[in-house]
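So the structure is just underneath, and the comments pick up after that.
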Amino acid sequence: MNNEEKANKFFKLVDILEKLRGEHGCPWDKKQTHQSLMKYLFEESNEYNEAVQKMDYNNMKEELGDVLLQIIFHAQIAKENNKFDIYDVLDTINEKMIRRHPHVFGNSKATTEEEIRAEWEKIKAEEKKQKNKV
């Protein structure tokens, strides 16, 4: 499967949620809020945990899909409220992963797990310090 086919699978889920919450969508989906959906996010995460404990890969695949649905659902609600969209979420996590792994994406000299962990802790502390300034 090429990258375009992979991306289209993701776009399809985003489009499904837009349609479910759209003018001719599902009444239940349209009335949901971040608050009303929280129980489902926790429930799906717990179901994934149970699948992992059993090492049931078919169920893990299904439950990860359910968790991803919750993420897209929340992002769609935020988009409708002009706060952010799923692509902002992706930008944020991509930037964070690159920033927190300078031994892979930057010029860090850290090579051992201990050095990498110490560097990660330092980066995370700096991020927290920057958040507290805002």
### Potential lengthening between SER45 and VAL14 on full extension [0.36 nm per residue; Cα-Cα distance subtracted]
9.2 nm
#### Entry: Unit charges at the beta carbon, dipole of the chain: most positive-side option, THR92, PRO27, VAL67
THR92
### Summary
Compactness summary of the range 7-86: radius of gyration and Dmax from Cα atoms, Å, are 13.6, 41
### Over 28 Å between alpha carbons, listed pairs LYS6/LYS133; LYS54/LYS122; LYS109/LYS129; LYS6/LYS79
LYS6/LYS133; LYS54/LYS122
### Task
With springs only between Cα atoms under 10 Å apart, run a GNM on the chain and tell me which of THR92, THR112, THR33 wobbles the most.
THR112
#### Entry: the chain: angle of helix 3-20 to the longest principal axis, Cα-based, in degrees nearest 10
50
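About the Cα centre of the chain, what is the dipole size in debye to 20, counting +1 per Lys and Arg Cβ and -1 per Asp and Glu Cβ, all else neutral?
On the way: 23 positive and 26 negative charges, 118 e Å.
I would put it at about 560 debye.
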### Task
Return the FRET efficiency for the residue pair TRP28, GLU62: r is the Cβ-Cβ distance, R0 is 30 Å, and the value is rounded to the nearest 0.05.
0.90
### Message
Using +1 at the C-beta of Lys and Arg and -1 at the C-beta of Asp and Glu, which of PHE11, TYR57, LEU41 has the Cα lying farthest in the positive direction of the dipole of the range 7-86?
### Response
PHE11
### Task
Pull out the extension gain between VAL104 and ALA118, defined as 0.36 nm times the separation in residues minus the alpha carbon to alpha carbon distance; nm, one decimal.
3.6 nm
### Task
Largest first and to the nearest Å, give the Cα extent of the chain along each principal axis.
54, 42, 34
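Every number in this text was worked out from the coordinates using simple rules, so none of it is lab data. Keep in mind that what you see is a predicted model, and the values were worked out from it rather than measured. Counting neighbours? That spans all protein chains shown, and the Cβs are built from the backbone with ideal geometry, glycine included.
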